[in-house]
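Below is one structure, written out as structure tokens; the observations come after it.
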Amino acid sequence: MEKLFKGLEYKILKSGTKNIYSGDLEYDSRKIKPGDIFVALKGTLVDGHKYIAKALENGAVAVIVSEDVELKGDVTYFLVDDLRNRLGKIASNFYESPEKKLKIVGVTGTNGKTTTTYLIEQILGEESVARIGTVEYKIGDEIIEAPNTTPESLDIIKMSKKAVDKGLKYLVMEVSSHGLTSGRVDMLDFDVAVFTNLTPEHLDYHKDMDDYFAAKKILFDKLKNKENGVINIDDSYGEKIAKEYGGITYSLNKDADLDSKTIKEMKPTLLGKFNMYNILAAIGVGQILEIDLNLIKERVRNIKGAPGRFEAVSVGQDFRVIVDYAHTGDALENILQGVKDLGEAGKVITVFGCGGDRDKTKRPVMAEVAERYSQLVIVTSDNPRTEKAEDIIEDVIKGFKNKNYIIEIDRKEAIKKAVLKAEKDDIILIAGKGHETYQILGNTKIHFDDREIAIEAIKELKEVK
């Protein structure tokens, strides 16, 4: 058993007769195949200990638990305290440390993580990069649906093994505050860490901004070389990290290692000030990982953004439609500033809602921002989850000072109303869901894609005209 629990404390509750190294590790009893080891992981919603019988029925030859259980079947039972935080190390032992064979880049912050990972992937060369984040998990030519921004530690190790088996060199991943505090990346040592910014978000999970910041800083404590950070010093929290750890700094407003002069030299085609920050971060990663400067320049000039991030929707209409994931006040302001920078002569129409069962403090803030930059705001539902959409909207509209908004709870109808009200050279921003292809109503997911709805509405408008 030394291989499985190397460096960890454990107890054998019962010894079975079957070989425990013939299959895989799984924490989902439904995925267990004959020969697998079942990890009875205890989460906030699901307790894996309740599914041991199902795992045994499916052929598990061993079970790892974090509490005493009834010892059924001719299988081995291991007891490991604080199993969630130790699962990554167990997985690394089991799969022979594939993560150590990759250069690992972690990107943390409130806004810009997803786009920055896409840009880093392009700077490093897409053919050599595995990417993990909010939109998807991409391992070579394999795309895996992303249930969490930062996956469970076991899944990270499995994807690392796939990446190594496919001959990939880098793992670029978004690292959320949840992922950092719940032990999902405890087994990783990072080669580069990126800090984008910190604004109020997840304060339903973190008690305050200091707690949120402390969670983000964990990533920099996990650097192999503490000076291999790439840090936005236009953000006050970024300034603190740079002073404490050093590293490559980037800024559009201050003296930094990478700045507005770098952007002028590199000549990217992406639009928006927020994207300039993301590009500087990606360039910094390329420098630390010793990518040739001429190659970085070439790749920056051809760089593309991430799906659902300032993504244009066009079927030949005479006004712009932009879809973006912005779901905080700061993110929405960045995107609307980017819209303003386009210099169009028409009006700005913003469609947005706020997610249910999430931080309520940002709702009126988003209204205030939308109103400031838009001639018309359409407030609608986002992912209401188990809250009533009407109650969420009541929280949102507290942030409006004027009456340049309308309420349309049905998101599909809200997008259609925006399209109907648009005139030549107007810009419609549909914010909050971006790449998502679903809406969560109660505990049910239904298919819903802002981009599809916008295209449908534009085509309907053309038929009417």
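The values are calculated or read from the model by the stated rules, or taken from the named source; none is laboratory data. The shown structure was predicted, so the numbers you read here are calculated from the model rather than taken from an experiment. For neighbour counting, all protein chains shown are included, and Cβ atoms are generated from backbone atoms with ideal geometry for every residue, glycine included.
No other residue among Val379, Val396 is touching a strand residue (DSSP E or B) at 6+ places or on another chain (Cβ under 6 Å), crowded, with 20+ Cβ neighbours inside 10 Å and without any contact (Cβ under 8 Å) to a residue 40 or more places away in the chain apart from Val379. Tell me which residues, restricted to region 151-169, are under 16 Å from Leu102 (Cβ atoms) and of a type outside the set (Lys, Arg). Once the filter is applied, which keeps residues that are under 16 Å from Leu102 (Cβ atoms) and of a type outside the set (Lys, Arg), region 151-169 yields Pro151, Ser153, Asp155, Ile156, Ile157, Met159, Ser160, Ala163, Val164, Asp165, Gly167, Leu168. Can you tell me which of Leu171, Leu87 is out of contact with any Phe, Trp or Tyr (no Cβ under 7 Å at 6 or more places or on another chain), of a type in the set (A, V, I, L, M) and closer than 20 Å to Gly48 by Cβ? None of the others qualify; the one that does is Leu87.
All of (1) of a type in the set (A, V, I, L, M, F, W, C); (2) under 21 Å from Val172 (Cβ atoms); (3) not in a helix (DSSP H, G or I) hold for Leu271 with one exception: (2). For Met173, the test of being under 28 Å from Lys42 (Cβ atoms), in a strand (DSSP E or B), of a type outside the set (Phe, Trp, Tyr) and out of contact with any Asp or Glu (no Cβ under 8 Å at 6 or more places or on another chain) is passed. Listed by position, the strands (runs of 3 or more DSSP E) contained in region 371-459 that have at least 3 residues being more than 14 Å from Arg320 (Cα to Cα) are 376-379, 405-407, 438-441, 444-447. Screening Asp141, Asp74 for residues that are over 20 Å from Ser176 (Cβ atoms), surrounded by fewer than 24 Cβ atoms within 10 Å (Cβ to Cβ), of a type in the set (Asp, Glu) and over 23 Å from the mean Cα position of the chain (by Cα) leaves exactly one candidate, Asp74. Among the residues making up region 17-63, those that are more than 16 Å from Leu154 (Cα to Cα) and free of Cβ contacts under 8 Å to residues at least 12 places away in the same chain are Thr44, Leu45, Val46, Asp47, Lys50, Glu57.
Comparison of Ser251, Ser236 shows that the only residue that is polar (S, T, N, Q), farther than 25 Å from Leu87 by Cβ, more than 20 Å from the chain's Cα centre (by Cα) and buried (at least 18 other Cβ atoms within 10 Å of the Cβ) is Ser251. Annotation: Lys340 fulfils all but one of (1) crowded, with 16+ Cβ neighbours inside 10 Å; (2) in the same structural domain as Lys445 (by TED's automatic domain parsing); (3) part of a helix (DSSP H, G or I); the unmet one is (1).
Listed conditions (1) over 9 Å from the mean Cα position of the chain (by Cα); (2) in contact (Cβ under 8 Å) with a residue 40 or more places away in the chain are all met by Ile132, apart from (1). Quickly run through region 151-170 and pick out the residues that are part of a loop (DSSP other than H, G, I, E, B), without any contact (Cβ under 8 Å) to a residue 40 or more places away in the chain and over 17 Å from Glu121 (Cα atoms). Correct list: Pro151 only.
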